[in-house]
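The values are calculated or read from the model by the stated rules, or taken from the named source; none is laboratory data. Remember, it's a predicted structure, so these values are computed and weren't measured experimentally. Heads up, the Cβs are rebuilt from the backbone with ideal geometry, glycines too, and the neighbour counts pull from every protein chain shown. Heads up: the accessible areas ignore ligands, DNA and RNA and are worked out on the full protein's heavy atoms, side chains in. Shrake-Rupley method; radii C 1.70, N 1.55, O 1.52, S 1.80 Å.
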Amino acid sequence: MSALPRLLVLTDRTQTAGRPLVEVVRAAVRGGARAVVLREKDLPAPERAALAAALRPHVEVLLVASDPTLAFDGGPADGVHLAGADPAPQPAPPLVGRSCHDPGELSRARRQGCHYVTVSPVFASRSKPGYGPTLGIDGLRGLVAAAGVPVFALGGVTPANAAACLEAGAHGVAVMGEVMRAGDPASTVAALGRAIAVAGGEP
């Protein structure tokens, strides 16, 4: 887990207002982002692999959602981020995370040896309106206590509430729309980094 910082940036090219995804990610990296989860699961596999390869030179820790093949045999990814329903990859890549929403999913992730999990939705999210119910800080705190692995708070996380997530016990925060939609992704990531620092973390 030491390879992962306190902030995960998740991609969604549909929220970039027409800007190339690589451009938005590069701006986020300039703001201090070190770890990125490439989603874009609707793309054909060759296009997604090419996008991962284009991101590789710019990102310290690159994970690909639901596709462990890109983390093997010299592939561009460092690991995989699994959806709740994804099977555990065998063999496992060097870094494995999983999306979780309840204690049962957390228990499964722990048994499977996941290195980290995201827990969502902590707050209401513009990226997934109506998805919930939201956990809130109290719900996040309870799941963190039960997780047994490092937790990233996901869903509606902003510079205004990121510190509260770490203070509730989360290892870090995972952010998608707040960065993807930002007119200045570098400034948004920098603001998230400052919020993380307030809670005593290193971005």
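Points to keep in mind about this one:
- Heavy-atom accessible surface of the chain: percent carbon and sulfur, 1.4 Å: 54 percent
- The trypsin sites (Lys or Arg not before Pro) of the stretch 1-44 meeting both criteria, a DSSP state outside H, G, I, E and B (loop) and at most 16 other C-beta atoms within 10 angstrom of the site's C-beta, are Lys41.
- Linear extension gain, Gln90 paired with Asp73, 0.36 nm per residue minus alpha-carbon span: 4.7 nm
- Here the extension length gained between Arg110 and Arg19 equals 29.0 nm, from 0.36 nm per residue of separation less the Cα-Cα distance.
- Secondary-structure-derived ellipticity at 222 nm for the chain, considering helices only, amounts to -9500 deg cm²/dmol, per-run term -39500 (n - 2.57) for DSSP H runs with n ≥ 4.
- Each Lys and Arg adds +1 at its Cβ and each Asp and Glu adds -1 at its Cβ; summed about the Cα centre, the chain shows a dipole of about 140 debye.
- Mean Cα-pair separation over length for the chain, i.e. relative contact order, pairs under 8 Å, 6 or more apart, %: 23 percent
- Applying 1/(1 + (r/R0)^6) with r as the Cβ-Cβ distance of Ala146 and Ala124 and R0 = 22 angstrom yields a FRET efficiency of 0.45.
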